[in-house]
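Working notes for the structure below.
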Amino acid sequence: MSKFEAVLLISPEITSPQIKKELDDFDNILTNNKGKIINIENWGLRDLSYKIENFNKAFYRFFQLEIDGYKIEILKKNLSQNDNIIRHLFVKVKKHQELPTILDNEKK
């Protein structure tokens, strides 16, 4: 299994329960493809650098994942078909970044 870090940008027009459902759906897709979430960070509602689908803001979620590299395309396809996920980015890493990141909104 390879290590990945991912960021999902979620529509600012949906409610907290809908965000939870989207994240649960992402977890299910990942699990069905024999991957797993190592860590999640909530980066909150943030301004976008440029408009995406007429949105100026999005909810950001950061993930540290382990999954076989060839299955990333399956994740990307599923996320691309979801209207509530306005962008996604996956980066393969050798080692996961130490948490919390500087963007973490849930500092303890």
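Some points to look at:
- Taken as a whole, the condition of being hydrophobic (A, V, I, L, M, F, W, C) and crowded, with 16+ Cβ neighbours inside 10 Å applies to ILE10.
- The numbered conditions (1) modelled with pLDDT under 95; (2) in contact with a helix residue (DSSP H, G or I) (Cβ under 6 Å, 6 or more places away or on another chain) are all true for HIS88 except (1).
- Residue tally, condition under 19 Å from MET1 (Cβ atoms) and out of contact with any strand residue (DSSP E or B) (no Cβ under 6 Å at 6 or more places or on another chain), over segment 50-75: 7
- Summed over segment 11-66, residues that are touching a Leu at 6+ places or on another chain (Cβ under 9 Å), among the hydrophobic types (A, V, I, L, M, F, W, C) and assigned to a helix (DSSP H, G or I) total 4.
- Test: residue in segment 36-50 that is within 10 Å of the chain's Cα centre (by Cα), open to solvent by 30 Å² or more (accessible area, probe 1.4 Å) and over 16 Å from ASN78 (Cα atoms): yes
- Residues located in segment 67-83, provided they are within 13 Å of the chain's Cα centre (by Cα) and either in a helix (DSSP H, G or I) or at pLDDT 95 or above (or both): ILE72, LEU75, LYS76, ASN78, LEU79, SER80
- Segment 80-103 residues that are more than 11 Å from ALA6 (Cβ to Cβ), paired with ones that are in a loop (DSSP other than H, G, I, E, B) (beta carbon under 7 Å, 6 or more apart): ASN84/SER11; ASN84/ILE14; ILE86/SER11; ILE86/GLU53; PRO100/LYS107
- All conditions but one from (1) open to solvent by less than 40 Å² (accessible area, probe 1.4 Å); (2) modelled with pLDDT under 90; (3) of a type in the set (A, V, I, L, M) apply to ILE102; the one that does not is (1).
- Scan segment 14-30 for residues that are touching a residue at least 12 places away in the same chain (Cβ under 8 Å) and more than 19 Å from ILE74 (Cα to Cα) and the total you get is 3.
The values are calculated or read from the model by the stated rules, or taken from the named source; none is laboratory data. Please read these numbers as outputs of a predicted model, since none were measured by experiment. Cβ: placed from backbone, ideal geometry, glycine included. Neighbour counts: every protein chain shown. Remember, those area values only see protein heavy atoms, side chains included, never the ligands or the DNA or RNA. Shrake-Rupley method; radii C 1.70, N 1.55, O 1.52, S 1.80 Å.
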